[in-house]
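First up is the structure itself, then whatever we jot down about it.
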């Protein structure tokens, strides 16, 4: 199960609560989180400076971590799935008026599309600007909004049946996730 969305929109909070419920129900759960901080430590540009290379690294790292999780877990919770990284790239390109060769961009989107089909359930958060940004988070409100829009567009193409995760439907979303996890 995957949750995508711009930063500070409730992805981690939702997934941590879901993880607790799944563990209490007897599931072996793996929690996989995006690797942007690690990418940045390696020297890859992130956020508004995302590049083809940084995005490809993030996508590859996500796939690697998700596959490793299959070795020990029957439920994998993914905080920042591959479409998330692609959405951040699209937002960065728009915000900085940069472009990437369309063939390269298309190949990267194809990888994201193929991998997204592996997810049993995809949620997307939506930006609510009234909710404060978490500590140690990028505070560029324009980029945050651009990332929210781009991730939504990417998910509409790659996971058209994704579910919107919002404060008013947390209970229903949790119940749906539990049903998917248990195969009921």
Go over the candidates 177, 181, 166 one by one and state the one that is touching a strand residue (DSSP E or B) at 6+ places or on another chain (Cβ under 6 Å) and within 29 Å of residue 24 (Cβ to Cβ).
-> 181
In the set 120, 110, the lone residue that is in contact with a helix residue (DSSP H, G or I) (Cβ under 6 Å, 6 or more places away or on another chain) and within 16 Å of residue 155 (Cβ to Cβ) is 120
(1) within 17 Å of residue 54 (Cα to Cα); (2) part of a loop (DSSP other than H, G, I, E, B): which one isn't true of residue 137, the others all being true?
-> (1)
Complete set of residues in region 41-72 that are in a loop (DSSP other than H, G, I, E, B) and surrounded by fewer than 16 Cβ atoms within 10 Å (Cβ to Cβ) = 43, 45, 70, 71, 72
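Looking at the structure I just gave you, is residue 104 surrounded by fewer than 13 Cβ atoms within 10 Å (Cβ to Cβ), over 27 Å from residue 178 (Cβ atoms) and in contact with a helix residue (DSSP H, G or I) (Cβ under 7 Å, 6 or more places away or on another chain)? Walk me through it before giving the result.
Numbers: surrounded by fewer than 13 Cβ atoms within 10 Å (Cβ to Cβ): yes; over 27 Å from residue 178 (Cβ atoms): yes; in contact with a helix residue (DSSP H, G or I) (Cβ under 7 Å, 6 or more places away or on another chain): yes.
Yes.
Please work out if residue 17 is in a loop (DSSP other than H, G, I, E, B), over 16 Å from the mean Cα position of the chain (by Cα) and either surrounded by fewer than 17 Cβ atoms within 10 Å (Cβ to Cβ) or touching a residue at least 12 places away in the same chain (Cβ under 8 Å) (or both).
Details: in a loop (DSSP other than H, G, I, E, B): no; over 16 Å from the mean Cα position of the chain (by Cα): yes; either surrounded by fewer than 17 Cβ atoms within 10 Å (Cβ to Cβ) or touching a residue at least 12 places away in the same chain (Cβ under 8 Å) (or both): yes.
In short, no.
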Name the residues in region 79-100 that are more than 16 Å from residue 57 (Cβ to Cβ), outside any helix (DSSP H, G or I) and either touching a helix residue (DSSP H, G or I) at 6+ places or on another chain (Cβ under 6 Å) or touching a residue at least 40 places away in the same chain (Cβ under 8 Å) (or both), would you?
-> 79
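At pLDDT below 95, surrounded by fewer than 21 Cβ atoms within 10 Å (Cβ to Cβ) and within 15 Å of residue 15 (Cβ to Cβ): does that describe residue 170?
yes
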Only residues that are in a loop (DSSP other than H, G, I, E, B) and either crowded, with 16+ Cβ neighbours inside 10 Å or in contact (Cβ under 8 Å) with a residue 24 or more places away in the chain (or both): list them for region 140-160, please.
-> 140, 159
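The values are calculated or read from the model by the stated rules, or taken from the named source; none is laboratory data. What you are looking at is a predicted structure, and each value in this text was computed from that prediction instead of being measured. No Cβ is skipped: glycine too gets one built from the backbone with ideal geometry, and neighbour counts run over all protein chains shown.
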